[in-house]
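For reference, the structure is listed below as structure tokens.
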Amino acid sequence: MTELRLVMARSLVSECVGTALLLTAVVGSGIMGDRLSGGNAAIALLANSLATGAALVVLILTFGPISGAHFNPVVSFADASQGGLSWTTAMGYVVAQVLGAVLGVAVANVMFDEPMFSWSQHARSGWSQAFSEFVATFGLLSVIWSRSRRRTPTATSSRSHLPLPRPCGSPGTTARPVRRPHRRVRAPTAPVRA
């Protein structure tokens, strides 16, 4: 297998596994929050939000260096529209993300002794739902793009479309280590007693 294919395979597996773990955390924390909250929807929502946020941070830190940790087709397509991914790679990411989402929901349901797949009992339709999805996606992309613009220029990794820092003096960099002058450290003197 060529190196490029190996990199692409790693990226696709990363997106699939990361999305599966994210959906397992979202659905699983929703089920657990609902069961433990005693009917208090606010507590269930808070538990679900905190668990989802924590899982997302861990997954981004884990899978970000491998694939960019998109976990969302809109993020992949937005990245492709900005030239960060090829459209072919973005389509591969989307297929991996959808597969990962289906697997993640199935795993969460089985973990909590629920049917692997079932129809939702909550009506989620209408313009307000579509508008809230738009607002959430806009917010997500705004955060991603604002953070990527603040990143300092570094060497681009051959394994990912994300710029990753390389140690000074490593192959492919022209930076040299910064030499700092040594400070003289004087031994503390004891006070003179008369």
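Values in this text are rule-based calculations from the coordinates and carry no lab data. Not measured: the values here are computed from a predicted model. For neighbour counting, all protein chains shown are included, and Cβ atoms are generated from backbone atoms with ideal geometry for every residue, glycine included.
Set the Cα radius of gyration of the stretch 83-137 against 2.2 N^0.38 Å, with N its number of residues, and you get 1.53.
Among the chymotrypsin sites (Phe, Trp or Tyr not before Pro) in the stretch 29-119, those placed in a DSSP loop whose Cβ has at most 14 other Cβ atoms within 10 Å are F112, F117, W119.
Over the stretch 56-143, calculate the relative contact order: mean separation of alpha carbon pairs under 8 Å at least 6 apart, over the residue count, as a percent. This gives 19 percent for the stretch 56-143. Residue separation of S81 and Q129 scaled by 0.36 nm, minus their Cα-Cα distance, works out to 14.7 nm of gained length. Give me a comma-separated list of calculated 3J(HN,Hα) values for the stretch 77-82, in order, Karplus coefficients 6.51, -1.76, 1.60 applied at θ = phi - 60°, integers in Hz, x for any Gly or Pro. Result, ordered by residue: 5, 5, 5, 5, 5, 9 Hz. Please state, as a whole number in µm²/s, the translational diffusion coefficient that the Stokes-Einstein equation yields for the stretch 1-147 at 10 °C and 1.306 mPa s, with Rh defined as the Kirkwood radius across alpha carbon pairs. In µm²/s, the coefficient is 96. Modelled this way, with points 7 Å down the Cα-to-C-beta line, the labels at W145 and W119 are 3.9 nm from one another.
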